[in-house]
Amino acid sequence: MAKIDFSIIVPVYRSVQTLEPLFDGIKSAMDEMNASFEVVFVEDSGEEDPWKELLRLKQLHADLIACIRLSRNFGQNGATLCGIDEAKGKKVITIDDDLQTDPADIKTLIDFQNETGADVVYGKYPEVKSSRLRRVGSKFVKRLFSKSQGGASIGSSFRLLDEHIVERIRFHSQDHLFINQVIGWYTLNAQFVEVSHNPRNEGKSGYSLWKLMLLSFRLIIYYTSVPLKIMVMLCILTAVSIIGMTIYYVYFQLETGSTIDVFMIAVLAAMAIISASIAVFGIYINRIYSSRVKKPNYAIKVKI
């Protein structure tokens, strides 16, 4: 049986009303290009209403829709990984369920990939209003990963993945696998094309500022050695400072005969750095433990 052209992966989190118009938009775009496709919906909230709506759509379009229900909430990244693993298409497109991304822009991704031959094409959204802290934090994390991964850029969740990148992701053995970061390990040929970004029609974003901060922390811990490098630099600076303070302490005593407990201050500073270093080492040891345990990124409850 010949492979279909495209698998469109849709992680579903508490959305109900947007699912049918999203599918209709996807179908319209793919029919316009005369491309064979499937839509893989991965329900990740554990709620009944989204799953019932997916079952209804499956009855209407049995040959074009695959429905997967996870055993609990694993997050957007875990749900997307599940869809990629189950996809039957040569190429994979991932898109959110909230209709903020117009499904008609799927054609934009495909046309751009055909023109450029890129391994990955990300949809680039226009600038949207957000808090200054959120904007600064986002730019910092993206710049950090760009430098740590040899210039690889971090894109959005609306993306087209070429066949060989899909295979790399499937066989990449790591817990806490973040798709965009892993893509950066396997290719620098990632391109960006501007797409539209619509207001949210239903519910609100599952990524609060606090959740985004936690996600950024996890990304830094699991995909960079930045904390270790910071601790190394602090330890070096502390050692130099202690040597300098000791020399000054000896000089001060020789010149004045007075006593200042600089040594105790240096000891306390060194203990603080050592404690922080041990904490960071503990985090990385936990990473080694997690990789040995092989905690799954998702678990399927139902697949139809």
Per-residue Cβ neighbour rank within 10 angstrom, fewest leading, ASP31, ASP162, ASP5, ASP24: ASP31, ASP24, ASP5, ASP162
Ranked list, fewest to most other Cβ atoms within 10 Å of each Cβ, for THR101, THR80: THR101, THR80
Convex hull per residue volume in Å³, alpha carbons only, for the range 15-130: 128
Calculated P(r) tail over 18 Å for the range 5-61, as whole % of Cα pairs: 30
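Every number here is computed from the coordinates shown, using simple stated rules; none is lab data. Bear in mind that the values here come from a model prediction, so they are computed numbers and not experimental data. Don't worry about glycine lacking a Cβ; one is built from the backbone with ideal geometry, like all the others, and counts go over all protein chains shown.
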